[in-house]
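Structure first, then comments.
What follows draws every value from the coordinates through simple rules; no lab data is involved. Everything numeric in this text was worked out from a predicted model, so none of it was measured. Using ideal geometry, Cβ is built from the backbone for each residue, glycine included, and neighbour counts are taken over all protein chains shown.
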Amino acid sequence: MEKKNKFVKGKASCLVKTLYIIAAVLMAICAYMIVVNILYISNYASSYGVAVSSMMVDAIQYVITGSISYFIYGVLVFSAGKIIRLLQSRNEERSGISECEIQESERVDTFEKTETPEDENPSEEDIPQSEDAIEETKVINEEK
């Protein structure tokens, strides 16, 4: 009985959809945080009578630090979903191919096959031998 890894389409694709939804929620939170941080800075500037242009570097830093983590988490979760989806599609493609075809396609032949007649035997000169093999042959021949 062969064991085959069957891919459960519903369960794994649900995981991918969930990751995409989480990524979308994180991107929405990122956009929300950008808006909230900009409103906070404009209220801060109007309350203290300071021009936003005079504190532009600090304002940009505040907006970025308040929202960048959500953006990065969103990108990472989206990437995880994309990678899982690609692995699933590859697995689905391979499940349609027989095991013999997979082994044949993955096998790499590095040696060329040459046909020799069956009645020809290679002579000892044609067979490359290491120095150890030559010494052992001499010892065996001397004993006889």
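Which condition from (1) surrounded by fewer than 16 Cβ atoms within 10 Å (Cβ to Cβ); (2) under 23 Å from Arg85 (Cα atoms) is the one that Leu26 breaks?
(1)
Is at least one residue of the range 42-57 in a helix (DSSP H, G or I), surrounded by 15 or more Cβ atoms within 10 Å (Cβ to Cβ) and within 38 Å of the chain's Cα centre (by Cα)?
no
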